[in-house]
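Student: This is the structure I want to talk about, given as structure tokens.
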Amino acid sequence: MKDNLLLIPGPTNLSRRARSAMAGPQLPHVGAEFYSTFKETVSLARYAFQNERSPQFVYTGSGTIGMESSIVSLVSRGDHTLTLSTGYFGHRMLLLNQIHGAKADSIEYKEGAHADPDDLRARLRKRKYTAVFITHVETSTSVANPIRELVAECQNAGVFSVIDCVCSIGGMPFDFDRIGADIAFTASQKALAGAPGAVLVAASDRVLQYMERREQPIESYYMNLLRWKPVMEDPKMYLATPATQVLLALRVALTDLKTETIERRWARHKRLGDITRRSVADWGFRLVADEGFRADTVTAMWVKNGTAGPIQKKLEEEHGIVVARGIYDDKDTMLRIGHFGNLTPRRLTSALGSMGRVLDELGLGANPQTVVARA
Ligand SMILES: Cc1ncc(COP(=O)(O)O)c(C=O)c1O
């Protein structure tokens, strides 16, 4: 199997240490060694979320389990909810609200546009919602929504806020305690640089108390945050068998994050974002996300119709570098570069140099010399 450089928006390459953590002997999930590993992982997750005060959850599942757990645990059938939809994952959040019986409203934004706090304020004046669902970084367009301002609007209106941080935490500033969101979740395989398979959630005491007082019972066993809470406090409690290898790798990845420090990690990702955006400008491509709202974890760009596939293929076959195309309707016209996790500016610069050469060879206007010189 080729050991390619993954520049897709998840999963990302694992460090050697994380890989070997997964390759050790099978640990029983009932036993002192796993209990202490798990406790440490939850405590490290707190650091990644900057969550000292509120309950922190880590359990098996992908980011979608985080989306669905938040909805199922918080929203009763017939509740009014609002989703700010800035792309594919915003749509998914809306869909999940509908599936679980919410009277689900949305504010839809055009591709590349960010969610506007003024729109949210106006909507919150019109109706009392149970919760507002917001994507921090919309991976399909690389828009970074103004999360602090949006959450502040929810707080002012006394509405719960649920934030999809799957493509932000560990790569872009997000401070759960200071922002004051009610639920935030991410997944292990993106900026945290773990293997796919763990979902990480922070939830305020206030939202958990609300869940406890709900009249309608929570219609899920596995995705019920209230059932997971005692397991987080005491891992000896059994709810479902955890993906132990995934959690072992996550512990290593989160330890690396803490060693780097969250501030330095955010700064490194800012550099990765700047380097990528400069290269895109040098190639003459247009960024999808509006200026001022561009993520430092993923960069989406428009390319000439029909060229996304050939660029992706040549880059992988000749250079072992994997980038992503746009999702569904955008698959022929958009490329997305994921730049997070353990990626260094030097490795990214070299990979973008290769991409520049591929574009040149395909006659798509790249100028690799400029890219290398400016990075
Ligand atoms: C912003 C966002 N939310 C949710 C998800 C869903 O996560 P998963 O694919 O791990 O279920 C993704 C996946 O890429 C994402 O980027």
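None of the figures in this text is laboratory data; all of them are computed from the coordinates on show. Please read these numbers as outputs of a predicted model, since none were measured by experiment. Please note: Cβ atoms are built from the backbone with ideal geometry, for glycine as well, and neighbour counts cover all protein chains shown.
Student: Tabulate in residue order the Karplus-calculated ³J(HN,Hα) for the stretch 20-32, using 6.51 cos²θ - 1.76 cosθ + 1.60 with θ = phi - 60°, rounded to whole Hz; enter x for Gly and Pro.
Tutor: Listing the rounded values in order: 6, 4, 7, 8, x, x, 5, 8, x, 7, 10, x, 4 Hz.
Student: Between HIS80 and TYR222, how many nm apart are label points set 7 Å from Cα along the C-beta direction?
Tutor: Going from the HIS80 label point to the TYR222 one covers 3.4 nm.
Student: Please turn the phi angles of the stretch 88-94 into ³J(HN,Hα) values with the Karplus equation 6.51 cos²θ - 1.76 cosθ + 1.60 (θ = phi - 60°), one per residue in order, whole Hz, x for glycine and proline.
Tutor: Using θ = phi - 60°, the values come out as 4, 6, x, 4, 5, 4, 4 Hz.
Student: GluC sites (Glu not before Pro) within the stretch 1-106: which are DSSP loop residues with at most 12 other Cβ atoms inside 10 Å?
Tutor: Passing sites in the stretch 1-106 are GLU52.
Student: Work out, step by step, the length gained on full extension between LYS331 and GLU215: first 0.36 nm times the residue separation, then minus their alpha carbon distance; give nm to one decimal.
Tutor: 37.3 nm
Student: Through the Karplus equation 6.51 cos²θ - 1.76 cosθ + 1.60, θ set to phi - 60°, convert the phi angles of the stretch 56-69 into ³J(HN,Hα) values in whole Hz; use x for Gly and Pro.
Tutor: Each residue's phi maps through the Karplus curve to give 10, 10, 9, 8, 6, x, 9, x, 5, 5, x, 4, 6, 4 Hz.
Student: Let me ask something else about it. Can you give the % of DSSP beta bridges in the chain that are antiparallel, to the nearest 5?
Tutor: Antiparallel bridges: around 50 percent, rounded to the nearest 5.
Student: Put a dot 7 Å past each Cα toward the Cβ at MET237 and SER15; how far apart are the dots in nm?
Tutor: 3.1 nm
Student: Show which lysines lie in cross-link reach of LYS39 when reach means a straight Cα distance below 23 angstrom and same-chain residues fewer than eight apart are skipped.
Tutor: LYS190, LYS229, LYS236, LYS258
Student: Excluding residues on the same chain fewer than 8 positions from LYS270, give the aspartates and glutamates whose Cα lies under 12 Å from its Cα.
Tutor: ASP296
Student: Quick check: pseudo-label points 7 Å beyond the Cα along Cα→Cβ at ARG206 and ASN156, how many nm apart are they?
Tutor: Result: 1.5 nm between the two label points.
Student: For ALA104, what residues show an amide H to amide H distance below 5 Å, using hydrogens built from the backbone and excluding near sequence neighbours?
Tutor: Amide H neighbours of ALA104, under 5 Å, 5+ apart: THR81.
Student: By how many nm would the segment from LYS103 to ARG346 lengthen if fully extended, with 0.36 nm per residue of separation less the alpha-carbon distance?
Tutor: So the chain would gain 82.7 nm between LYS103 and ARG346.
Student: Given the DSSP H assignment, sum -39500 (n - 2.57) over each helix run of at least 4 residues in the chain and divide by its residue total; what's the result at 222 nm in deg cm²/dmol, nearest 500?
Tutor: -14000 deg cm²/dmol
Student: Something else: With a/c under 1.5 counting as rounded, go ahead and sort the chain into rounded, prolate or oblate using the C-alpha gyration tensor (a ≥ b ≥ c being the square roots of the eigenvalues; past the cut-off, prolate if a/b is larger than b/c, else oblate).
Tutor: oblate
Student: Hey, another quick one. Using 0.36 nm times the number of residues separating GLU260 and GLU316, minus their current alpha carbon distance, what extension gain do you get?
Tutor: So the chain would gain 17.2 nm between GLU260 and GLU316.
Student: Still on this structure, I have one more. Count charges around TYR129 for me, please; just the other residues with Cβ under 14 Å from its Cβ, Lys/Arg as +1, Asp/Glu as -1.
Tutor: +2
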